[in-house]
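**Student:** I have a structure here, written as structure tokens, and I will follow up with some questions on it.
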Ligand code: ADP
Ligand code: MG
């Protein structure tokens, strides 16, 4: 009859809903790693070691020496909306930590096998638990699901294995492990450069030589030299300026007017989060266009600090593209500062060559 043509609405299985929601936040190994690194930094770590197998599809592991997770919190740490960083809606506007709504670990646990080992300095041993779909898995059928005491250093180790094992379409789309590894390295490089005082290491499992290694005593410029080489580091101008009207602080290292690269390298941080702003990107390219040969680009590291309540980090679950208050004026101000710096440097260079 006719009724057969009208589709019936059914409620999706909760596990399916969670998996779909997780896929909105975690698209690929590099997204998961960004969240894990930000958590380690939030925990006050000075050492962060990343190990990767098959571009992070087989294994993504991060070991830090931060404040750790209390054993009493290990049961809920992978549940959705559990966080030690945000208590009320109002807190959203004053967040200074990276993550802010307790979705990252939950998301990862819905699309990967997660194991957490953590030790706080007040505890005399570490605790370990494996998670699936937000909750601890019992070590054997019928056992109570609880963290198990074990040996370990202060800090936290988190492993995510077999990413998207339960999302075959996504898994198939990510078959190129070396491309995924390059995206992971891009995330690691950015955080390694930006975080003075933190040693960051990244290596493939089984390899003795890390692909990234910075030390706790290195400056941002040292880190850039370590990762991008002297060819870039030697051509950078420092940029440091405060703009009180916008409660804005700008710090950066920008390539000079006589140096260019094939592809625009743009490392942008807002309040210590690696983000993207197509508007800033475009405006900076336009400033350099007056100096650089056609089809060549600058190398720019820019760290902005502004009032957290002026930054809208809530635009997209992946939290990468950012908007902020007085965006046009602030971008114009930053571009003026870059313009001045490039102009100054050019004048002194000409002056030097003339004498
Ligand atoms: P959020 O970072 O938004 O709070 P997450 O899902 O990323 O949410 O993490 C949930 C909670 O787990 C954090 O609030 C924090 O208390 C704890 N946590 C996660 N990773 C670490 C870590 N490396 N060290 C210490 N605590 C951590
Ligand atoms: Mg987080």
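Bear in mind these aren't lab numbers, they're just calculated from the coordinates by the rules spelled out. Computed from a predicted model, the values in this text were never measured in an experiment. Neighbour counts are summed over all protein chains in view; Cβ atoms, including those assigned to glycine, are modelled from backbone coordinates with ideal geometry.
**Student:** Could you state the angle between the C-alpha long axis of helix 278-289 and the longest principal axis of the C-alpha atoms of the chain, as a value from 0 to 90 degrees rounded to the nearest 10?
**Tutor:** Once rounded, one gets 20 degrees.
**Student:** Compute the length gained on full extension between residue 153 and residue 213: take 0.36 nm times their separation in residues and subtract their Cα-Cα distance, giving the result in nm to one decimal.
**Tutor:** 19.5 nm
**Student:** Peptides 165-178, 275-288, 192-205, 238-251: what's the order by average Cβ count within 10 Å, highest mean first?
**Tutor:** 192-205, 275-288, 238-251, 165-178
**Student:** What angle do you read, to the nearest 10 degrees and between 0 and 90, between the alpha-carbon axis of helix 327-354 and the longest principal axis of the chain?
**Tutor:** 40 degrees
**Student:** Something else about it: Any number yet on Rg/Rh for the chain, C-alpha, Kirkwood?
**Tutor:** 1.03
**Student:** Round to the nearest 0.05 the FRET efficiency obtained for residue 140 and residue 76 when R0 = 22 Å and r is the Cβ-Cβ distance.
**Tutor:** 0.50
**Student:** For the chain, set up a Gaussian network in which alpha carbons nearer than 10 Å are linked by springs, and say which option among 132, 207, 45 fluctuates the most.
**Tutor:** Checking each option, the largest mean-square fluctuation is seen for 207.
**Student:** In a Gaussian network model over the chain where Cα atoms closer than 10 Å are linked, find which of 303, 290, 265 has the largest mean-square fluctuation.
**Tutor:** 290
**Student:** Order of 19-25, 113-119, 38-44 by packing, highest average Cβ count within 10 Å first?
**Tutor:** Top to bottom by mean Cβ count within 10 Å: 113-119, 38-44, 19-25.
**Student:** Further, regarding this structure: Taking the Cα atoms of the range 140-242, report the difference between the largest and smallest coordinate on each principal axis, in whole Å and largest first.
**Tutor:** The principal-axis extents, from largest down, are 62, 37, 36 Å.
**Student:** Put a dot 7 Å past each Cα toward the Cβ at residue 335 and residue 20; how far apart are the dots in nm?
**Tutor:** 4.1 nm
**Student:** Using only Cα atoms, tell me the angle between helix 177-194 and the longest principal axis of the chain; keep it within 0 to 90° and round to the nearest 10.
**Tutor:** 60 degrees
**Student:** Roughly what percent of Cα-Cα pairs across the range 235-354 reach past 25 Å?
**Tutor:** When every Cα pair of the range 235-354 is considered, 23 percent fall beyond 25 Å.
**Student:** Would you please state the base-10 log of I(q)/I(0) at q = 0.13, 0.14, 0.15 1/Å for the range 14-213, with intensities from the Debye formula using one equal scatterer on every alpha carbon?
**Tutor:** Each listed q maps to, in turn, -0.69, -0.81, -0.93.
**Student:** Roughly what % of DSSP beta bridges within the chain run antiparallel, to the nearest 5?
**Tutor:** Percentage antiparallel, nearest 5: 80.
**Student:** In addition: Provide 72, 325 in ascending order of the number of other Cβ atoms located within 10 Å of each residue's Cβ, fewest first.
**Tutor:** 72, 325
**Student:** Between residue 27 and residue 344, what FRET efficiency follows from the Cβ-Cβ distance if R0 is 45 Å, with the result rounded to 0.05?
**Tutor:** 0.60
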